[in-house]
Amino acid sequence: MKKRKWPEAWHEMSPGCIVFAPANAREYHTGSWKAQRPEWDDSKCIKCGICYIFCPEGCITQGEDGFFRADLNYCKGCGICSHECWPGAIMMVEEG
Amino acid sequence: MAKRVGMEVAIAAAEAVGLCNIDVAAVYPITPQSHMAEHLSELVADGRIDAEFITVESEHSSISAVAGASATGARAYTATSSQGLMYMHEILPIVSAMRLPVAMGIANRAVSGPLNILNDHSDIMPQRDCGWIALFVENGQEAVDLTIQSFKIAEHPDIMLPCCVNIDGFQLTHMVEPIEFPDQKLVNKFLPPRKPYATLHPDKPVSMGTFAMSDIFPEAMKAKDEALKSSKKTILKIWDEWEKLFGRRYRPVETYRADDADILLMTMGSMGETAEIAVDELREKGVSVGLIKLRLWRPFPFEEFKAAVRKAKTLIVTDRAVSFGGPGGPVSTEVRSALYDENERPAIYSYIIGLGGRDVAVTDFVTIVEEAAQAGEKRTVKDYEFYGVRG
């Protein structure tokens, strides 16, 4: 049976909408909200990590090669990383 | 029968809280509730009860503090009035949505402006749709009894909702009345320690006050509505238990000489006793009149209300608040709505009365009832009327 993300019917809700599973917010993929996604041009990237620091979602991580990527399950496409990236290595491109 | 003591009702309400083994109180003083706040803080400071009294800087904070305390599993109490209740408004629906048991005393007072500190119901009425259980008391004894009951009602595992007890400011809070205090052992039996459904504790993490967008929000609202509606049957059981232990009976709609009455008066709160005297006087003159007193405002007791007015030809509803630019007072609006689909229903006279502490005397009720009695079925029922307003 497919695991459901949340109760379907009103009477299946826990009183007060209390959630008993810790750290469940990660199951909610806010990445579906975005209209644009960040794309890195690693040839311009100097691995300074300013994108990682500024990402309000905390969804940018550094790979083993030292370059950065966003977890698109959570990236809302705000473009702050691209705005802050002073070498201009991050482009926001339209979704779809 | 236990000994009766003469005591100011606000003090008595605080003494009642003192019998309830509370863990946390956060009360910001405001006229006419101040004696409740002051006396409760004295009970804690003098070591008569083992509780935390949080001296908050506002009512927004007091309700927030008791909500947080309740989330940890504590038995929590606050009290307020008028502007203080208005200031709490933002938090009230959150407390009920989170199903946090909180007991609150309200010393009902008119809302500004003009600035007025005296009694009416314009503070509680704007909180009507916040999802709280709302009870009204008629005298000091009821203030004590319902204050104790409010904890049990709020905390009951089949309810888990905040509960407020409305005690008319000055008319009740500042009166010295004879009061029979329930025995502490019996109160302990009636109100055992709270067994919370969930608590905030680092060893067992839970999320309370969660986020819900359009994909789940309507279901959450329906669940909240059903929780409040279904609380009535448990409240009735709690009142039965109270009656067995303490001998005093409480009903959602109290009646007085109402069974065979053609004309029914309807009140909420302290006016009930004045109206009883008027009913007695009018009965002596041969007027077929009775009285119904709404104790349970939320959840609205539709079944009991309809049964109480079923045989009446005329129902005179008194409101102590105004819905400006609307259909009159909130009580008469709900009464009309409750009866709209009934095949037989009484003619409804809607009076807005006793605003901002304006005295409502026995003679006022007599005047209202005699007007209705003389008019019989001829009178075109007006939408609503401000009783006794000059001009």
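The values are calculated or read from the model by the stated rules, or taken from the named source; none is laboratory data. Please read all numbers here as calculations on a predicted model, not as lab measurements. Virtual Cβ from ideal backbone geometry, glycine too; neighbours counted across all protein chains shown.
General observations
- Of the candidates B:320, B:358, B:390, B:295, the single residue that is touching a Gly at 6+ places or on another chain (Cβ under 6 Å) and at pLDDT 95 or above is B:320.
- Residues of the range B:90-114 classified as outside any helix (DSSP H, G or I) and either touching a Cys at 6+ places or on another chain (Cβ under 7 Å) or not assigned by TED's automatic domain parsing to the domain that holds residue B:145 (or both), total: 3
- Applying the criterion of being within 12 Å of the chain's Cα centre (by Cα) and more than 24 Å from residue A:96 (Cβ to Cβ) to the residues of the range A:37-61, the residue that is surrounded by the most Cβ atoms within 10 Å (Cβ to Cβ) is A:52.
- Of everything in the range B:130-177 that is within 13 Å of the chain's Cα centre (by Cα) and among the polar types (S, T, N, Q), the residue that is farthest from residue B:107 (Cα to Cα) is B:149.
- Set B:258, B:223: member being in the same structural domain as residue B:282 (by TED's automatic domain parsing) and either in a loop (DSSP other than H, G, I, E, B) or surrounded by 15 or more Cβ atoms within 10 Å (Cβ to Cβ) (or both): B:258
- Some residue of the range A:62-78 being more than 14 Å from every other protein chain (Cβ to nearest Cβ), in a helix (DSSP H, G or I) and surrounded by 14 or more Cβ atoms within 10 Å (Cβ to Cβ): no
- Residue list for the range B:318-347, restricted to those being among the hydroxyl-bearing types (Ser, Thr, Tyr), in contact (Cβ under 8 Å) with a residue 40 or more places away in the chain and assigned to a helix (DSSP H, G or I): B:332
- Evaluating residue B:77 against the criteria (1) assigned to a helix (DSSP H, G or I); (2) more than 22 Å from residue B:331 (Cα to Cα); (3) in contact with a Cys (Cβ under 9 Å, 6 or more places away or on another chain) leaves one unmet condition, (1).
- Among residues of the range A:15-30 being out of contact with any Ser or Thr (no Cβ under 6 Å at 6 or more places or on another chain) and outside any helix (DSSP H, G or I), the one that is farthest from the other protein chains (Cβ to nearest Cβ) is A:29.
- Test result for residue B:248, in contact (Cβ under 8 Å) with a residue 60 or more places away in the chain, in contact with an Asp or Glu (Cβ under 9 Å, 6 or more places away or on another chain) and surrounded by fewer than 16 Cβ atoms within 10 Å (Cβ to Cβ): yes
Conditions tested, residue by residue: (1) within 14 Å of chain A (Cβ to nearest Cβ); (2) without any contact (Cβ under 8 Å) to a residue 60 or more places away in the chain.
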position	(1), (2)
B:218	yes, yes
B:221	yes, yes
B:227	yes, no
B:231	yes, no
B:235	no, no
B:240	no, yes
B:243	no, yes
B:257	no, yes
B:260	no, yes
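- Among the residues examined, residue B:154 qualifies as within 14 Å of chain A (Cβ to nearest Cβ), buried (at least 21 other Cβ atoms within 10 Å of the Cβ) and not in a loop (DSSP other than H, G, I, E, B).
- Members of the range B:171-211 that are of a type in the set (Phe, Trp, Tyr), surrounded by 13 or more Cβ atoms within 10 Å (Cβ to Cβ) and either free of Cβ contacts under 8 Å to residues at least 24 places away in the same chain or more than 14 Å from chain A (Cβ to nearest Cβ) (or both): B:181, B:190
- In a residue-by-residue description of the range A:31-49, the property of being within 14 Å of chain B (Cβ to nearest Cβ) and in a helix (DSSP H, G or I) applies to at least one position.
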